[in-house]
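Here's the structure, in structure tokens; my notes come after.
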Amino acid sequence: MKANTLKIAVLVLAFLAIGNQAFAQEGTVTIDQDSDITKLLEYKKDVKTVDLYKIQLDFGSRSKAMALEQKFRNTFSQWPTDVVYETPNYKVWVGNFSTRLEADIALLKIKKKFSKAMVFEPKKDN
């Protein structure tokens, strides 16, 4: 009885293996793509699409922000600055750091003169 069951099981497995191979599908895929897509992909690599980090020095009135920006420029000229208006305050932002580590290293230097400075990731305009 066991021998018959074993023979049947082997035959079923062999049939399934052969049947699976007989119905397998093979094919080739060709992509017909406009050459402009390649150019756009190269352009996108050149455009800064990575997340950027900035350092916010402080916020307040427009005159306070402008004075703070000037003070920062006199002390640290290696990083660009922006005065940004976000209701109801003007904010002084510094740099375009590509990594958080780079921003944190700059923050250590900046905090010596501007104690309220902090690193943040600005919201992206969509």
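The values are calculated or read from the model by the stated rules, or taken from the named source; none is laboratory data. In this text, all values refer to a predicted model and were calculated from it rather than measured experimentally. Using ideal geometry, Cβ is built from the backbone for each residue, glycine included, and neighbour counts are taken over all protein chains shown.
Just one of the numbered conditions (1) assigned to a helix (DSSP H, G or I); (2) exposed (fewer than 13 other Cβ atoms within 10 Å of the Cβ) is not true of residue 78; which one? Only one criterion in (1) assigned to a helix (DSSP H, G or I); (2) exposed (fewer than 13 other Cβ atoms within 10 Å of the Cβ) is unmet by residue 78, namely (1).
Of all residues in region 35-60, those satisfying the criterion of being under 25 Å from residue 106 (Cβ atoms) and either modelled with pLDDT of 70 or more or not in a loop (DSSP other than H, G, I, E, B) (or both) are 46, 52, 53, 54, 55, 56, 57, 58, 59, 60. The listed residues are 67, 117, and the only one of them that is small (Gly, Ala, Ser) and surrounded by 19 or more Cβ atoms within 10 Å (Cβ to Cβ) turns out to be 117.
In this structure, is residue 92 touching a residue at least 12 places away in the same chain (Cβ under 8 Å) and either under 20 Å from residue 60 (Cα atoms) or charged (D, E, K, R) (or both)?
Working: touching a residue at least 12 places away in the same chain (Cβ under 8 Å): yes; either under 20 Å from residue 60 (Cα atoms) or charged (D, E, K, R) (or both): yes.
Answer is yes for this residue.
Figure legend. Inter-residue proximity from region 105-118: first residues over 12 Å from residue 53 (Cα atoms) and without any contact (Cβ under 8 Å) to a residue 12 or more places away in the chain, second residues surrounded by 13 or more Cβ atoms within 10 Å (Cβ to Cβ) and not aromatic (Phe, Trp, Tyr), beta-carbon distance below 7 Å, spacing 6+ or different chains. Indicated pairs: 111/117.
Of the listed requirements (1) surrounded by fewer than 10 Cβ atoms within 10 Å (Cβ to Cβ); (2) part of a helix (DSSP H, G or I); (3) at pLDDT 75 or above, residue 21 misses just one: (3).
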